[in-house]
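The values are calculated or read from the model by the stated rules, or taken from the named source; none is laboratory data. Fair warning: this is a prediction, and the values are worked out from it, not measured in the lab. Neighbour counts are summed over all protein chains in view; Cβ atoms, including those assigned to glycine, are modelled from backbone coordinates with ideal geometry. We work out accessible area using only protein heavy atoms, side chains counted, and drop any ligands, DNA or RNA first. Shrake-Rupley method; radii C 1.70, N 1.55, O 1.52, S 1.80 Å.
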Amino acid sequence: MWKIIDKKKGPVYRQIMDQVMENIEKGQLNPGDRLPSERKLAQVFQSNRTTVVRALDELRDLGVIISQRGSGRYINQTQWGRYVVPRVNWRELFSQRYEQIDDEYERQMNAKKKQSDFLDLFSSEMSKELLPNVLFPAYSMKDIIEKEQQMTCFGYLPLIRKIKNYLMEKFLFDFSKTELLITSGGQQAIFLILQTILSNGDTIAVETPSFFYRLSLFRASGIRLYGVPMDKEGIDLNKLEVSIRKNKLKAVLVNPNFQNPTGKVMSQKRRKDLVTLCRKYQLPIIEDDVFSDLSFHTVERQKLSSIHSIDPENVLYIGSLSRVLGQTTKIGWIVGLRSFVTRLAKAQEVMEFSMSIFTQMVATTVFEESYDTKISTVREELYKKSLLLTEWAKEQQFFEVCPINGGYYAWITWNGKKLTREIAEEMIRLGIGIAPSFLFGEETNGLRVNFSRMNESQLPFFKTKMANLAQQLRE
């Protein structure tokens, strides 16, 4: 009646739901029948109990089963007639490429975040308290209609000019052969590029560990990722070249400044050597550079060129305001060879991915309101928060915090046992959210914390929970 779950066939909770439905349709489960306990089903399916609970909860929401406190779960008698006739299986019709990553860990995390005493160092967004206070002007419908005359397939012209001027002044960009395209955030920029230069089943190289493994957009576009390890200077080029030959890579995607999750900064020499290697194999480089504005050491940062500046004709550059303005203002951009970006712009129009004029007008005011000054204040606050972690690292002997030179993530490593999913889930129950390495495509001894979300008053709590974690990883 029940079959062991094959994890290769898709999300486990869906397979459990399908087995229950199949047994109802075959008459092996009848109205009013009591289901085995969650623990028993977990044993039969050889699955995590929390996954079984998720499947049963969804069946309850659909009206297939009912729960009776203290006595278990039963097949719903009043809704029985709905399930004895043939029906379209909408779950099966929905492509698995567009499923979210089936991660029970993140489900538990999201549930705990709602509690006021939970220390959320897991989330990918910067603390709202640090977001710069930008005053947005009021626009009338007449204003918007007039400004629509300045819209092109590349975006709102005043915004494009503002961003270009910023890139030329801060990063010495040269737009003589290149063009800039506005997108609705950095991730949408990546998705647009993948949709236009790659086909389903194509492969690209990324650094490992990498937050790119967390993005469902790669599954949605049918693109396969191959992780390439990093050393202290960035992506390992010897191993990258091996992967290029072995896996027939079509592109290289890197996050050179304050890499997520490790915080590493690619050296200037490694940037130039990466360009040389990719030229050799005629591979495009996609440079995801959304953290540049959050460098703590401006002088040091100026010594590093963007990879795009080294080779503007073969590198697609992605920037974004989303990291420093939050999810409410999702603005990103792509810079690349003019002929190619023109085709990207037309593709964006066909896909109807282009943004509304209003959002771009709002983003334009960001650069008109002393953007440099506001971001400088954000950097100062982030730097102060980073010191909380570096000082804690000096006080204890087990964990090591990798150098924090910018951004708002810290990568913590140790010598000891691996941080299993079970231990990480226990940390959630203890009231602290962290991002273990298994979420980033690599089973190393590492975890990411978003230090922008911790203040000095929460530091004692953090120290206590990390001491508890250290104890478990030593045993």
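Loop-only check: which trypsin sites (Lys or Arg not before Pro) in the stretch 193-266 are DSSP coil with at most 13 other Cβ within 10 angstrom?
Those satisfying the criteria are Lys232, Lys248.
With +1 on each Lys and Arg Cβ and -1 on each Asp and Glu Cβ, how big is the dipole of the stretch 97-208 about its Cα centre, in debye rounded to the nearest 20?
480
Determine the alpha carbon to alpha carbon distance for each of Lys250/Lys280; Lys269/Lys374; Lys177/Lys246; Lys177/Lys346 and list only those over 23 Å.
In this structure, Lys269/Lys374; Lys177/Lys246 lie more than 23 Å apart at Cα.
Treating cross-link reach as a plain straight distance, find the lysines whose alpha-carbon is under 26 Å from the alpha-carbon of Lys3, omitting any fewer than eight places away in the same chain.
Within the straight-line cut-off, Lys3 pairs with Lys26, Lys40.
Post the alpha-carbon centroid distance, the stretch 136-181 to the stretch 429-475, in whole angstrom.
Each part reduced to its Cα centre gives a spacing of 41 Å.
Tell me the mean residue ellipticity at 222 nm calculated for the chain from its helices only (DSSP H runs of n ≥ 4, each -39500 (n - 2.57), averaged over every residue, nearest 500).
-12500 deg cm²/dmol
Rounded, prolate or oblate: which fits the stretch 313-419, taking a ≥ b ≥ c as square roots of the Cα gyration tensor eigenvalues, rounded meaning a/c under 1.5, else prolate when a/b beats b/c?
Prolate.
Take the Cα pairs of the stretch 136-367, get the Kirkwood Rh, then feed it into Stokes-Einstein at 25 °C and 0.890 mPa s and tell me D in µm²/s.
135
Along the three principal axes, how long is the chain when you take its alpha carbons, biggest first, rounded to the nearest angstrom?
The Cα atoms of the chain stretch 72, 56, 53 Å along the principal axes, largest first.
Round to a whole number: what % of the accessible area of the stretch 12-75 belongs to carbon and sulfur, probe 1.4 Å?
Its accessible area is 43 percent carbon and sulfur atoms.
Please report the net charge: other residues with Cβ closer than 11 Å to the Cβ of Met230, K and R +1, D and E -1.
-1
For the chain, what is the accessible area per residue in Å², given a 1.4 Å probe and the full set of protein chains?
On a per-residue basis, 48 Å².
Could you let me know the centre-to-centre spacing of the stretch 26-40 and the stretch 380-396, using Cα atoms, in angstrom?
54
Which percentage, to the nearest 5, of the DSSP beta bridges contained in the chain is antiparallel?
60
Given Cβ point charges of +1 (Lys, Arg) and -1 (Asp, Glu) and nothing else, what value in debye, to the nearest 20, does the dipole of the chain about its Cα centre take?
1000
Give me the net charge of Gln396's neighbourhood, meaning all other residues with Cβ under 14 Å from the Cβ of Gln396; Lys, Arg count +1, Asp, Glu -1.
+1
For the stretch 12-75, just say rounded, prolate or oblate: build the C-alpha gyration tensor, square-root its eigenvalues into a ≥ b ≥ c, call rounded for a/c under 1.5, and beyond that prolate if a/b exceeds b/c, oblate if not.
Rounded, because the longest to shortest axis ratio a/c is under 1.5.
Roughly how many whole Å is it from the C-alpha centroid of the stretch 188-248 to that of the stretch 255-292?
Value for the Cα centre distance between the two parts: 12 Å.
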